[in-house]
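Here is the structure we will look at.
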Amino acid sequence: MTKSGTVLAMASDHGGFEMKEFIKEQLIAEGYEIKDFGTNSEESVDYPDMIHPAAKAINDGEIERGIIFCGSGNGAQMTANKYPNVRAGLCWTVEQASLIRQHNNANIISLPGRFVSFDEGLAMAKKFLSTDFEGGRHTRRVEKINKILK
Ligand code: RB5
């Protein structure tokens, strides 16, 4: 992805707020434009209230990629993955951040604000943004994700 002019969605609850602010500042310095869906303080909030609007913007094609956070990364990821055009991957390592792009064509990375350092979170966000989907056999697999059984 080119940085200049690229708009990214970011959203968190209180558990991911500080990491969101840290990564947002670094990415803005690199030329990304950020649409921040909140939260805007460490006050306790419910993660779906911020994650739903960010995920909807990506689901609707208004924004290409997003970086979301909560304390563990789980609630944020679960909320985002309710949208059919969203593929959100929860990551704890840089290798996972690469794999969710290479193999899963993820358009959202979910980061655990309370379980990795800010620098680790930033490294994962950058890897997510700079890694391409491999296609090939992974295209077939990704296409099957939404084929739920009835
Ligand atoms: C908030 O305390 C915490 O539950 C939330 O940030 C997240 O970890 C939920 O999955």
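No value in this document is a laboratory result; all are computed from the given coordinates. As the structure is a computational prediction, the values presented were derived from the model and not from experiment. With ideal geometry, Cβ positions are generated from the backbone for all residues, glycine too; neighbour counts draw on all protein chains shown.
Residues are listed down the side, and each one gets a yes or a no for (1) of a type in the set (Val, Ile, Thr); (2) within 14 Å of residue 109 (Cα to Cα):
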residue: 10; (1), (2): no, yes
residue: 19; (1), (2): no, yes
residue: 35; (1), (2): no, no
residue: 41; (1), (2): no, no
residue: 45; (1), (2): yes, no
residue: 81; (1), (2): no, yes
residue: 92; (1), (2): no, yes
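Exactly one residue out of 86, 94, 142 is under 24 Å from residue 15 (Cβ atoms), more than 13 Å from the chain's Cα centre (by Cα) and of a type in the set (A, V, I, L, M), and it is 94. Residue 45 meets all of the listed conditions (1) within 13 Å of the ligand (Cβ to nearest atom); (2) at positive phi but one, namely (2). Of the candidates 148, 100, the single residue that is more than 16 Å from the ligand (Cβ to nearest atom) and part of a loop (DSSP other than H, G, I, E, B) is 148. Only one entry in 15, 61, 66, 38 is part of a loop (DSSP other than H, G, I, E, B) and more than 16 Å from the ligand (Cβ to nearest atom), namely 61. Within region 83-97, the set of residues being under 20 Å from residue 141 (Cβ atoms), assigned to a loop (DSSP other than H, G, I, E, B) and within 16 Å of the ligand (Cβ to nearest atom) comprises just one member, 91. Consider residue 90 carefully, then state whether it is of a type outside the set (S, T, N, Q) and more than 24 Å from residue 3 (Cβ to Cβ). Yes. In the set (1) within 16 Å of the ligand (Cβ to nearest atom); (2) farther than 17 Å from residue 24 by Cβ, the condition left unmet by residue 121 is number (2).
Could you tell me whether any residue of region 45-61 is buried (at least 23 other Cβ atoms within 10 Å of the Cβ) and among the polar types (S, T, N, Q)?
The first filter runs over region 45-61 and keeps only residues buried (at least 23 other Cβ atoms within 10 Å of the Cβ), leaving 47, 50-51, 54-55, 58.
Subsequent filtering for residues that are among the polar types (S, T, N, Q) retains none.
No - not one qualifying residue is present in region 45-61.
Taking the conditions exactly as written (assigned to a loop (DSSP other than H, G, I, E, B) and out of contact with any Gly (no Cβ under 6 Å at 6 or more places or on another chain)), does residue 142 satisfy them or not? Considered against the rule, which asks whether it is assigned to a loop (DSSP other than H, G, I, E, B) and out of contact with any Gly (no Cβ under 6 Å at 6 or more places or on another chain), residue 142 comes out as no.
Pairing residues of region 31-60 that are farther than 17 Å from residue 16 by Cβ with residues that are surrounded by fewer than 18 Cβ atoms within 10 Å (Cβ to Cβ) and among the charged types (D, E, K, R), at Cβ distances under 6 Å and at least 6 apart in sequence or on separate chains, gives 31/3; 32/3.
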